[in-house]
Amino acid sequence: MTRTTHVAVIDIGKTNAKLALVDLDTLTELAVVTRPNTVIPGQPWPHFDVDGHWGFLLDALARFHATHRVDAISITTHGASIALIGQDGGLAAPILDYEHTGPDALNEAYNAIRPPFAETGTPRLSGGLNIGAQLFWQFDTDPGLKARTRHIVTYPQYWGYRLTGIAATDVTSLGCHTDLWNPFKGQPSSLVARLGIERQLAPTRKPNAVLGPILPAIAQQTSLQQDTPVYCGIHDSNASLLAHLVARTLPFSVVSTGTWVICMTIGGDTVTLDPTKDTLVNVNALGDPVPSARFMGGREHDILMQGNSVEPDDTDIATALNEGPMLLPAIVSDTGPFQGMSARWVGTEPAPGTGLRSACVSFYLALITSHCLTLTGHQGPVFVEGPFARNTSYLKMLASATGTAVHAMTSTTGTSEGAALLARMTDSSTEALQTEPTISAAKDHAAYARRWSDLVGGH
C-alpha cells in the first residue's frame, strides 16, 4: 500500500467550502480550492447546498489526484449541524442552517427537557446552535421526519457517509454545544433518550478512526484508488487545536479564527464556566473536555469593515493608541461574552475604508479575544490560527492585553492541517509544527487595553 503522504481535506466552514491537499511530511498545503457556502432559502427551512458542494468536491478530488496523487481523505466542518439520513440512503430532510431562528419558537418546551449545563457543558444558544434544539423543532415541524430517519450523523460524518456509505458521529462534533453529549463521562447525554433517538444516533468514533474505503462509484468518478481510506473527521475548531495538542507542552491556548473565534485552553487554571457568557466545554480529538469561549469575530469584522479593509500604517496605529477612538461590544450581541450589550464608539467613529478604522476594529477583536481567554483560565503562550493570524494589529493588541507571547501560525488554514493529521496522529513528525516569530506586548497597547476594560466594566 502507498505510504500516506497526501491527504485531501474536505473543509466545510460556515462561509466557504474548501478542498485542501495537505502534504503530511511538511504540513503544507499543495493546493486549495473554495466555493461559497451559500444558504438556500425556502421550504422546509433554510439549508445548505450539499449537492452543489458534492459536485465541487468530487471534481476537485479528481483534479488533485491527477496532479499530485491523493492517498487519503479527511474531513472537517463547522459545528451545530447534523444530517438525518433517510431509509433510502439520501437525506430525510435538508440540513438546517443553524442561524435560522425557527427553533426559537419552541424555546419554552425545549428548555423543559434539555439537560443542565453541569451535565453537558453546553450553554443554551439561539436559533439552531444547539443541535438538540434543531432536532426538537424539526421533529415538531415535520411530524413524519423521525420515522423517515434511519441514521443521525454529525456534519463531518455526513460527508464521510457519502464517501463510504458508513454512518457515524464523532466526539468533537457531538461535544460542540449540541446538548447531546456528556463530555465528563464521554457518552451521550440524557437528552438522547428524551428525544427518542438512541437507535438512530449513529455510533460515536474518535476522529482518527478510519470509516472505510471510498465507494466503488467514487473511485470510478475520481480515479482515486478503491482502497483510499476516509477518516472519520473532526469539528473545525478542534482540527485547529489538534496540531498543537500532539506537539505542545502544557499549558497553552489556541485561538481558532474564522466566522467564529473560538478560544480553547489546555492545562490552564481551573475556572467555573459561565454559560451566559458563551463559555462551554468542547471535546478534543482525544475525547477530553476543553474549556472554551467564543464570539462571532469574523462576522463582526465583516460587518464593521463593510468590504473595505485597509492595512493601517504607523500613523493610524499611533492615532488609535493616543487619541482613541475605541469600539465597545457587542456588534453581534446574541453570542459571545457580552451578550445583550449594544456596541458603541468612544470618540469619533473612524470612516469605513480607512486605516484608522482597521486598527480600531483589530484592537476591538483582540480585546474580546483576550477577555474570552481569561474566561477559560488561559495560561502559557497563545497560538492564533486562521485569517486573524495575518492581522498584525490584532496580534500585537492580543499579546499586550494578555501579557503573554502570541504566535501566528503560518499555514493557510489550521483546520485543514489539523484534519490531515488525523491520518498520522501518533507520528513524531507532528512535532515539527512551525510558527511565526513571537509577537510581544507593548506598553502603549497594554495601556489602551486597560482603558478599554475599564469602560467595558465588570463583565
Exercise. Return a yes/no flag: does the stretch 4-22 have any residue that is in contact with a Leu (Cβ under 7 Å, 6 or more places away or on another chain) and at pLDDT below 95.
Key: yes
Quiz prompt | Number of the condition not met by Met264 [criteria: (1) in contact with a Gly (Cβ under 7 Å, 6 or more places away or on another chain); (2) within 17 Å of Ala285 (Cα to Cα)] | solution = (1)
Quiz item: Can you spot a residue in the stretch 113-124 that is out of contact with any Lys or Arg (no Cβ under 7 Å at 6 or more places or on another chain), surrounded by fewer than 22 Cβ atoms within 10 Å (Cβ to Cβ) and of a type in the set (Ser, Thr, Tyr)?
Solution: no
Exercise. Collect the residues in the stretch 142-174 that are aliphatic (A, V, I, L, M) and touching a helix residue (DSSP H, G or I) at 6+ places or on another chain (Cβ under 8 Å), keeping them in residue-number order.
Key: Leu145, Ile152, Val153, Leu163, Ile166, Ala167, Ala168
Quiz item: Taking the stretch 274-290 as the search range and keeping residues that are over 16 Å from Ile234 (Cβ atoms) and acidic (Asp, Glu), which one is surrounded by the fewest Cβ atoms within 10 Å (Cβ to Cβ)?
Solution: Asp274
Practice problem: Could you list all residues from the stretch 71-88 that are farther than 21 Å from Ile40 by Cβ and either small (Gly, Ala, Ser) or part of a strand (DSSP E or B) (or both)? | Solution: Ala72, Ile73, Ser74, Ile75, Thr76
Quiz item: Does Thr335 meet the test of being over 18 Å from Thr438 (Cα atoms) and under 20 Å from the mean Cα position of the chain (by Cα)?
Solution: yes
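For (1) surrounded by 21 or more Cβ atoms within 10 Å (Cβ to Cβ); (2) in a strand (DSSP E or B); (3) among the aliphatic types (A, V, I, L, M); (4) touching a residue at least 12 places away in the same chain (Cβ under 8 Å), each residue gets a yes or a no:
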{"position": "Val33", "(1), (2), (3), (4)": "no, yes, yes, yes"}
{"position": "Phe56", "(1), (2), (3), (4)": "no, no, no, yes"}
{"position": "Asp59", "(1), (2), (3), (4)": "no, no, no, no"}
{"position": "Arg69", "(1), (2), (3), (4)": "no, no, no, yes"}
Quiz prompt | Qualifying position, being at pLDDT below 95, small (Gly, Ala, Ser) and part of a loop (DSSP other than H, G, I, E, B), among Ala408, Ala441, Ala389 | solution = Ala441
Quiz item: If you check every pair at least six apart or on different chains, which have Cβ atoms under 7 Å apart with a residue in the stretch 112-127 that is over 15 Å from Arg194 (Cβ atoms) first and a residue that is aromatic (Phe, Trp, Tyr) and in a loop (DSSP other than H, G, I, E, B) second?
Solution: Gly127/Tyr98
Quiz prompt | Matching residues in the stretch 225-266 - criterion: being buried (at least 24 other Cβ atoms within 10 Å of the Cβ) and among the β-branched types (Val, Ile, Thr) | solution = Val230, Ile234, Val254, Val255, Thr257, Val261, Ile262, Thr265
Quiz item: Taking the stated definitions as given, is Ala62 in the same structural domain as Ala209 (by TED's automatic domain parsing) and farther than 18 Å from Leu215 by Cβ?
Solution: no
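The values are calculated or read from the model by the stated rules, or taken from the named source; none is laboratory data. Predicted model, so just to flag it, every value in this text is computed and none were measured. So basically every Cβ, Gly included, is an ideal-geometry build from the backbone, and we count neighbours across all protein chains shown.
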